[in-house]
Amino acid sequence: MNLISTTADLASACKSIAASDHVAVDTEFMRDTTFWPRLCLIQMATPDTGVVLVDALATGLDLAPFFELMADERVTKVFHAARQDIEIVFHLGGLIPHPLFDTQVAAAVCGHGESVGYEALVRALTGATIDKTHRFTDWSRRPLTEDQLVYAAADVIHLLPIYAKLQTEIQDLGRHDWIREEMDILTSPQTYDTDPELAWKRLKLKVRKPREFAILKAVAAWRDREAQTRDVPRSRILKDDAIYEIALHAPDSEAALRRLRTVPSGYERSAAGRELVALVQAIRAQPPEALPPVPRNDGPARLPGAVSDLLKVLLKHVAEQNRVAARLIANSDDIEAIAADDDADVPALHGWRREIFGEQALALKHGRLTLAIDGGRIALEPREPSERPLPKARRRRPRRPATARMAATDPNSDGRAETSLP
């Protein structure tokens, strides 16, 4: 199987691909020892050009033609579980492929299950099977074997008929607007934001005091800056448990840092250790009024459990009626938020999710709708509500849409795990 390794051949291939209205795309990469994924191989396919494989590690290869293709608005880029592929293009090329179609998200919208894997989707929609022997291969080693190239090609060959079948299902179900909303999330630069100042958000808030929180934020940001600059996994700089312990104990000297159980022996004598001590000293010197407040993490105020339970029954009913994965519509936290607050800023109260579920959830909550059993099936019946309103609860913190939660994988994850709805 031919493997492109020169800029001229890549430009010629991309020019041919650009004549099609869609292209299937996949990448193989390694990130076991790096912060940023190391792109090793690019796979592309169209009905007319067939499969194109690009050796991204070839000496002297300029990927500019590939990035130009990814930015071409005339060509739809078809991925499966696109998050990490897009992250690579965004980091190396400074752009997000557009227009975009993610078959994993589309499959969930069309009722094929939550976060369905590529192999399962291929089997369900095409009847084909995929040999996963090389799933965990080292794609950075050269030369690549014929078996590796055949495996890599399969990742885009089957995307073409899957895309066609899902397009037909979307058309039959009338869900183009749904897909458009989901793709807008996947193509938003915010989905791929690696700002170190936001690194604390991926940590559990095991702190209660403003000074502890200030230290946690500062150390998390410092660690991300170091990891990105040195291109190593976060854990190579400092493990999460060490950040929590530093935040709680606020070591203001090398001796104090040395006493912490989770900090590696000798770390206090390194340049990094001295930076951490100086950082903690600066925060300890700040007056209380200059410290950031600790974000509330206690979730929404809870109403009687029966309200949430009824909303969950409604969610299951709506998901079955609409042939869509229930957790693509809402998860347990979203249900709790709606039970507590009519104005909760959750995906289920916006866009297509509100149309099929959110409005009915509010009607059920306020007694304008009832659930009944009719012939062994759930039935919805309108009713006159009581005059007594449900108590108004405190606004909760906004949550990301479900597609963003599907997409949110750890930038230091190993290999390509199929994303899942939490």
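The values are calculated or read from the model by the stated rules, or taken from the named source; none is laboratory data. Only a predicted model underlies this, so the values are computations on that prediction, with no experimental measurement involved. Heads up, the Cβs are rebuilt from the backbone with ideal geometry, glycines too, and the neighbour counts pull from every protein chain shown.
General observations
- Of the residues in the range 111-130, at least one is in a helix (DSSP H, G or I), under 19 Å from the mean Cα position of the chain (by Cα), modelled with pLDDT under 95 and not aliphatic (A, V, I, L, M).
- Positions within the range 185-205 being surrounded by 15 or more Cβ atoms within 10 Å (Cβ to Cβ) and out of contact with any strand residue (DSSP E or B) (no Cβ under 9 Å at 6 or more places or on another chain), in sequence order: 185, 188, 191, 192, 194, 196, 199, 200, 203, 205
- Residue count for the range 168-185 satisfying the condition of being in contact (Cβ under 8 Å) with a residue 24 or more places away in the chain and under 22 Å from residue 122 (Cα atoms): 7.
- Residue among 363, 337, 330 that alone is aliphatic (A, V, I, L, M) and free of Cβ contacts under 8 Å to residues at least 60 places away in the same chain: 363
- Condition check for residue 251: farther than 26 Å from residue 32 by Cα and either under 33 Å from the mean Cα position of the chain (by Cα) or surrounded by 13 or more Cβ atoms within 10 Å (Cβ to Cβ) (or both): yes
- Of residues in the range 359-392 being of a type in the set (Gly, Ala, Ser) and in contact with a strand residue (DSSP E or B) (Cβ under 8 Å, 6 or more places away or on another chain), the one modelled with the highest pLDDT: 363
- Residue 343 being acidic (Asp, Glu), modelled with pLDDT under 90 and farther than 14 Å from residue 311 by Cα: no
- Selection of helices (runs of 4 or more DSSP H) fully inside the range 1-109 by the criterion of at least 3 residues being over 24 Å from the mean Cα position of the chain (by Cα) and buried (at least 16 other Cβ atoms within 10 Å of the Cβ) returns 7-17.
- Residue in the range 46-66 that is at positive phi and touching a Lys or Arg at 6+ places or on another chain (Cβ under 8 Å) present: no
- The residues on offer are 85, 72, and the sole one that is out of contact with any Pro (no Cβ under 6 Å at 6 or more places or on another chain) and more than 26 Å from residue 145 (Cβ to Cβ) is 72.
- One residue from 155, 138 being over 23 Å from residue 20 (Cα atoms), of a type in the set (Asp, Glu) and within 25 Å of the chain's Cα centre (by Cα): 138
- Pairs are defined by a Cβ separation below 6 Å, a sequence spacing of at least 6 or placement on different chains, a first member in the range 271-293 that is assigned by TED's automatic domain parsing to the domain that holds residue 256, and a second member that is hydroxyl-bearing (Ser, Thr, Tyr) and part of a helix (DSSP H, G or I); the pairs so defined are 273/267.
- Pairs, first on the phi > 0 side of the Ramachandran plot in the range 133-160, second part of a helix (DSSP H, G or I), C-beta under 8 Å, six or more apart: none
- Any chance residue 264 is surrounded by fewer than 17 Cβ atoms within 10 Å (Cβ to Cβ), part of a loop (DSSP other than H, G, I, E, B) and not hydrophobic (A, V, I, L, M, F, W, C): yes
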